[in-house]
Amino acid sequence: MSCNSSCRELGFVMPAEWQQHTAIWLAWPYDPTTFPDRVERVEQTYVQIVKEIHESEEVNLFVIDEPTKKKATTMFKQAGIDLSRVHIYVSDYADVWFRDYGPIFVKNPRHELAMIHWEFNSWGEKYETLLKDKEIPDVINKDMRLRCFKPGIVLEGGSIDVNGEGTLLTTEQCLLNSNRNPHLNKQKIEQYLSEFLGVRHFIWLKRGILGDDTDGHIDDLARFVNPTTIVCAFEDDPNDADYEALKENYELLCKSVDQDGNPLTIINLPMPKVESDEGYRLPASYTNFYIGNTKVLVPVFDHPNDQKALSILQELFPTRKVVGICCKDLVYGFGTLHCISQQQPCPA
């Protein structure tokens, strides 16, 4: 059902990712254009993701057709996955980046769940064939029948992060980009985010990492791990292409405060520096992790910094198990674990 009432009026807010989930949403990889000569290896990555996460939250998975459903089901059985916890939906979709085209779920104090259906224009109309994924929230809601808010502006889920207490983290490169909402300035965008996500304080970083075709999504740069702590991608090498941008973001974070004016704790995560077989930089970052109910899934790349990043995050999530998922093939699509997933929070 659609809704013309005010999201804020009805008390809906976007919960922090570490709050309890009912499910994770994913879309099965199938397109060799996204993963050249790597689709089968990326499928195996998905099996590992589902195996790790399905123990503590349901898995809702889109597949492109019945043969793909059969293939995925067989792979899950072979991996020892409990199929009663995996719900497969056969539907037409273009690509796997569910965080950006799927709905953002919000909830209110009356234990009601709702969804926000933002506009999706394939990251500034970069990929015309992916534009049809903007319909996916409506496809989902034919089954869920939730209250659905439609702000009417372009926003991708990977461009924002919240602490669940009123603070939102984002970048100017993305949200103020003329290829998203050229008619809106920073103040107007903040008004939309306040109205539909229940936030009241904003931290704006500047720009993203090399190879990121999303124009600086925050989930490759900095993430809340609790209401007062942010992990920040940081590059030590002053000769590296990402050094200046990440240093600038770190310095901005160090001066930032939360919604109550309190200083934040900023913890650096190293960078993995992953290049393609052809020698161009891929947008690999350890901040692209997914916070599940009992586990935190972290992208790793067979890089010397993998273990350092996992150790830092394990200290920050003492009640969850931090699990590295090899994303050397997945990152060829220009995203990893957070980009392909969307959490559905428990309404309670």
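The values are calculated or read from the model by the stated rules, or taken from the named source; none is laboratory data. Predicted, not measured: the structure shown is a model, and the values here were computed from it. Note that we place each Cβ from the backbone using ideal geometry, even for glycine, and neighbour counts take in every protein chain shown.
Please verify whether Val331 is surrounded by 19 or more Cβ atoms within 10 Å (Cβ to Cβ) and assigned to a strand (DSSP E or B), treating the condition exactly as stated. Step through it out loud before you land on a result.
Numbers: surrounded by 19 or more Cβ atoms within 10 Å (Cβ to Cβ): yes; assigned to a strand (DSSP E or B): no.
No, not satisfied.
Within region 248-280, can you find the residues that are assigned to a loop (DSSP other than H, G, I, E, B) and within 15 Å of Asp220 (Cα to Cα)? Steps first, answer last, please.
Residues of region 248-280 assigned to a loop (DSSP other than H, G, I, E, B): 255-256, 258-262, 264, 270-273, 276-280.
Scanning region 248-280 gives Pro270, Met271, Pro272, Lys273.
Every residue, every condition in (1) among the small types (Gly, Ala, Ser); (2) over 30 Å from Ser276 (Cα atoms); (3) modelled with pLDDT of 95 or more, yes or no:
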{"residue": "Phe149", "(1), (2), (3)": "no, yes, yes"}
{"residue": "Glu156", "(1), (2), (3)": "no, no, yes"}
{"residue": "Lys188", "(1), (2), (3)": "no, yes, yes"}
{"residue": "Ser194", "(1), (2), (3)": "yes, yes, yes"}
{"residue": "Arg200", "(1), (2), (3)": "no, yes, yes"}
{"residue": "Thr214", "(1), (2), (3)": "no, no, yes"}
{"residue": "Pro238", "(1), (2), (3)": "no, no, yes"}
{"residue": "Glu244", "(1), (2), (3)": "no, no, yes"}
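Of all the residues in region 119-150, those that are closer than 22 Å to Asn60 by Cα, in contact (Cβ under 8 Å) with a residue 60 or more places away in the chain and of a type in the set (Phe, Trp, Tyr) number 1.
Looking at Asp260, Asp306, Asp277, which is the one that is crowded, with 17+ Cβ neighbours inside 10 Å, at negative phi and among the acidic types (Asp, Glu)? Residue meeting the stated conditions: Asp306. Across region 192-247, which residue is surrounded by the most Cβ atoms within 10 Å (Cβ to Cβ) among those that are assigned to a loop (DSSP other than H, G, I, E, B) and polar (S, T, N, Q)? The residue in question is Thr214. Of all residues in region 110-123, those that are surrounded by fewer than 16 Cβ atoms within 10 Å (Cβ to Cβ) and on the phi > 0 side of the Ramachandran plot total 1.
Residues are listed down the side, and each one gets a yes or a no for (1) part of a helix (DSSP H, G or I); (2) touching a strand residue (DSSP E or B) at 6+ places or on another chain (Cβ under 9 Å):
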residue: Met115; (1), (2): no, yes
residue: Leu131; (1), (2): yes, no
residue: Glu135; (1), (2): yes, no
residue: Asn179; (1), (2): no, yes
residue: Leu184; (1), (2): no, no
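For region 313-325, filtered to residues that are outside any loop (DSSP other than H, G, I, E, B) and touching a strand residue (DSSP E or B) at 6+ places or on another chain (Cβ under 6 Å), the residue that is surrounded by the fewest Cβ atoms within 10 Å (Cβ to Cβ) is Lys321.
Taking Val300, is it more than 20 Å from Trp25 (Cβ to Cβ), in contact with an Asp or Glu (Cβ under 6 Å, 6 or more places away or on another chain) and of a type in the set (A, V, I, L, M)?
Details: more than 20 Å from Trp25 (Cβ to Cβ): yes; in contact with an Asp or Glu (Cβ under 6 Å, 6 or more places away or on another chain): yes; of a type in the set (A, V, I, L, M): yes.
Answer is yes for this residue.
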